[in-house]
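Data first, discussion second: the structure below is written as structure tokens.
The values are calculated or read from the model by the stated rules, or taken from the named source; none is laboratory data. Note that the structure is predicted; figures quoted are calculated from it, not measured. So basically every Cβ, Gly included, is an ideal-geometry build from the backbone, and we count neighbours across all protein chains shown.
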Ligand code: NAI
Ligand code: PHE
């Protein structure tokens with residue numbers, strides 16, 4: 001995001017802070033509060049520059065607005081990025097605790113305009129730590145009164161999205177398909193296990209050799225991380241980081257469908273149209289991965305019980321089919337179709353049946 005893009009950003013609010021003691025740059029971006037206070041996780045990662053961190057936070061916050069709207073959840077979209085000076089695993093405990101305290105102070109200054117939760121490199125234990133300084137935190141551990149990790153329910157929602165895609169697009173029985181999971185982390189591991197149970201052939205790639213080994217022991221076939229977009233499969237399931245598919249990769253991707261958890265899978269605006277024109281079913285990430293938001297906002301804001309969260313999570317398949325229908329009827333990419341559905345819901349939010 002250059003200065004011109006930054007000035008064009010249509011979001012509501014940006015908070016930044018630099019901590020010279022640890023070399024950490026903090027960003028909170030609120031994309032929209034049209035449907036309510038903003039919600040979105042805290043991502044801790046290394047970035048090439050502060051500009052890259054700001055741009056990532058803006059894109060991720062935008063995806064949250066779309067996700068919450070399309071899921072009929074009464075919250076707006078936001079996101080935090082903590083740009084670390086070194087990889088997360090290289091930070092000692094005291095430094096990480098300081099970083100979390102400063103981040104919590106930043107959140108608290110927004111007085112509830114923005115609620116955080118877990119994302120890449122943050123978990124329920126970190127949410128517990130944040131909650132010592134601020135109340136505006138989802139996903140604390142269950143013992144501390146929170147809803148706990150959202151990963152299992154995110155995987156459940158992606159699984160529904162894969163089933164709906166296979167059914168609607170006539171890919172065949174899930175158990176007969178080859179499913180390629182990129183990233184055997186919190187979400188990817190749950191999803192791979194569940195997919196294996198159907199009898200499907202599951203390929204896994206992870207940059208972390210230990211995690212790949214664990215996947216192998218469960219019965220997955222391991223492929224090199226660099227081969228994820230050149231290995232033939234029926235369903236490609238990105239569960240690592242975003243920007244996996246740009247237009248040139250979309251032109252040759254040897255898959256029949258893309259259905260994953262990673263936020264912002266498409267690297268550029270044309271990639272969705274290229275997939276559409278090639279007849280590859282693309283489940284927009286902000287539809288397919290809404291299980292985490294349904295879990296956190298459902299339990300902690302709407303006071304849903306587990307059955308109600310599960311029912312809404314199953315509904316991800318129905319929402320996705322609506323997206324595929326709009327795409328087919330209007331001859332537009334599924335990404336565009338999902339944005340239309342999200343904007344309809346933002347303009348006329350449905351009342352939430354509990
Ligand atoms: P995680 O950090 O537990 O897992 C990510 C995995 O991907 C790790 O095992 C990592 O080693 C691997 N990885 C990283 N780069 C890779 C690469 N280039 N190739 C192959 N593997 C790579 O994260 P988690 O929680 O499983 O989330 C995965 C994605 O889903 C993220 O993009 C996250 O934003 C998104 N997401 C997660 C939700 C949740 O509830 N945890 C909810 C919605 C979206
Ligand atoms: N970070 C997850 C996501 O991208 C889970 C989350 C949802 C965190 C809502 C906070 C609020 O969906």
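Every residue, every condition in (1) within 16 Å of ligand 2 (Cβ to nearest atom); (2) in contact with a strand residue (DSSP E or B) (Cβ under 8 Å, 6 or more places away or on another chain), yes or no:
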| position | (1), (2) |
| --- | --- |
| 187 | yes, no |
| 220 | no, yes |
| 236 | no, yes |
| 256 | no, yes |
| 268 | no, no |
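Among the conditions (1) within 22 Å of residue 60 (Cβ to Cβ); (2) over 15 Å from the mean Cα position of the chain (by Cα), residue 280 misses just one, which is (1).
Those helices (runs of 4 or more DSSP H) of the range 119-205 in which 3 or more residues are at pLDDT 95 or above and outside the structural domain of residue 79 (by the TED database) occupy 151-168, 186-196.
Yes or no, residue by residue, for (1) crowded, with 21+ Cβ neighbours inside 10 Å; (2) within 13 Å of ligand 1 (Cβ to nearest atom):
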position: 271; (1), (2): yes, no
position: 275; (1), (2): yes, no
position: 279; (1), (2): no, no
position: 284; (1), (2): yes, yes
position: 304; (1), (2): no, no
position: 307; (1), (2): no, no
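Could you list, in sequence order, the residues of the range 245-269 that are in a loop (DSSP other than H, G, I, E, B), closer than 24 Å to residue 321 by Cβ and within 14 Å of ligand 1 (Cβ to nearest atom)? Within the range 245-269, 260, 261, 262, 263, 264, 265 meet the criteria.
To keep it simple, each residue is scored yes or no on (1) under 17 Å from residue 105 (Cα atoms); (2) part of a loop (DSSP other than H, G, I, E, B); (3) in the same structural domain as residue 82 (by the TED database).
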residue	(1), (2), (3)
7	no, no, yes
11	no, yes, yes
17	yes, no, yes
21	yes, yes, yes
31	no, no, yes
36	no, yes, yes
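Answer yes or no: is there a residue in the range 76-94 that is part of a loop (DSSP other than H, G, I, E, B), touching a helix residue (DSSP H, G or I) at 6+ places or on another chain (Cβ under 9 Å) and within 12 Å of ligand 2 (Cβ to nearest atom). Taking every residue of the range 76-94 in turn, none turns out to be part of a loop (DSSP other than H, G, I, E, B), touching a helix residue (DSSP H, G or I) at 6+ places or on another chain (Cβ under 9 Å) and within 12 Å of ligand 2 (Cβ to nearest atom). Scanning the range 284-300 for residues that are more than 9 Å from ligand 2 (Cβ to nearest atom) and more than 20 Å from residue 236 (Cα to Cα) yields 298, 299, 300. Scanning the range 68-81 turns up at least one residue that is touching a residue at least 24 places away in the same chain (Cβ under 8 Å) and over 18 Å from residue 297 (Cβ atoms).
Restricting attention to the range 56-67, the residues being away from ligand 1 (no atom under 12 Å from the Cβ) and either closer than 15 Å to residue 242 by Cα or touching a helix residue (DSSP H, G or I) at 6+ places or on another chain (Cβ under 7 Å) (or both) number 5.
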